Amino acid sequence: MRSLWQVSRTPAIVMVVACCLAIFLSLNAQGPSSSDQAEQQNAKPSAVPAKPDEKPKSSYISVNEEDFKTVFARMSAEKPAIMKRQMALLNERYDLSDHPAATTMSRGKHIQDGVRVKLPSGMTWDKLADMPTPRGSYGAAFIDGRIVAVGGEEPTRVLATVEMYDISNGKWSTQAPLGTPRHGEVVAAVDQTVYCIGGADRPSHEGPIATVEALDFT
């Protein structure tokens, strides 16, 4: 009885599907409805196409839309006033006059002598004990009330000298020399140990080295 009913309902299902398909095709053939047309007319376009001769603007905000020649001319005209203002600022903070010392660098150029920073009004420099070994391009670190000067260079040679200044008594003392003479190195203090990193073993920053040494003050 069930199989007979299933066979009998098959033509009905086919007829329903065919009617739905016919209705769908007829609606599409008629085109959009009046309400759809009105909605399309009232809708705003999402984007306006650029004119053929109009270049599209960048998505980035333009910092300066002046052409190079205009910018160059304007900045060249402003340069003297800017340089004058910067030189006035430098002269206010530093002594820019020429004070050559007797010591020269490896190529004969004299180093500058004396303190070049101008202190604010009411402040002065105190004269302390001279460092035992004159040198340049050395490293220094502060450790427990003492200043450690490490390595450095003279005009014709690189030094392994290590000297320490005790702030409390104002005296210098000589410490164990570096295993590798160097200048232009990085010096840092961690707890009671001074670390000396890299540098160069020939004057004028030639002959870079990668060795690291440590001096323990405990």
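Of the residues Gly114, Gly145, which single one is exposed (fewer than 11 other Cβ atoms within 10 Å of the Cβ) and at pLDDT 85 or above? Sole residue among the options that is exposed (fewer than 11 other Cβ atoms within 10 Å of the Cβ) and at pLDDT 85 or above: Gly145. Taking the stated definitions as given, is Thr174 touching a residue at least 40 places away in the same chain (Cβ under 8 Å), exposed (fewer than 12 other Cβ atoms within 10 Å of the Cβ) and over 27 Å from Lys109 (Cβ atoms)? Judged against the criteria, Thr174 is a match. Among the residues of region 71-124, those that are of a type in the set (Ser, Thr, Tyr) and not in a loop (DSSP other than H, G, I, E, B) comprise Ser76, Tyr94, Thr103, Thr104.
The values are calculated or read from the model by the stated rules, or taken from the named source; none is laboratory data. Small disclaimer: the values here were computed from a predicted structure and weren't measured. Ideal geometry is used to build each Cβ from the backbone, glycine not excepted, and the neighbour counts take in all protein chains shown.
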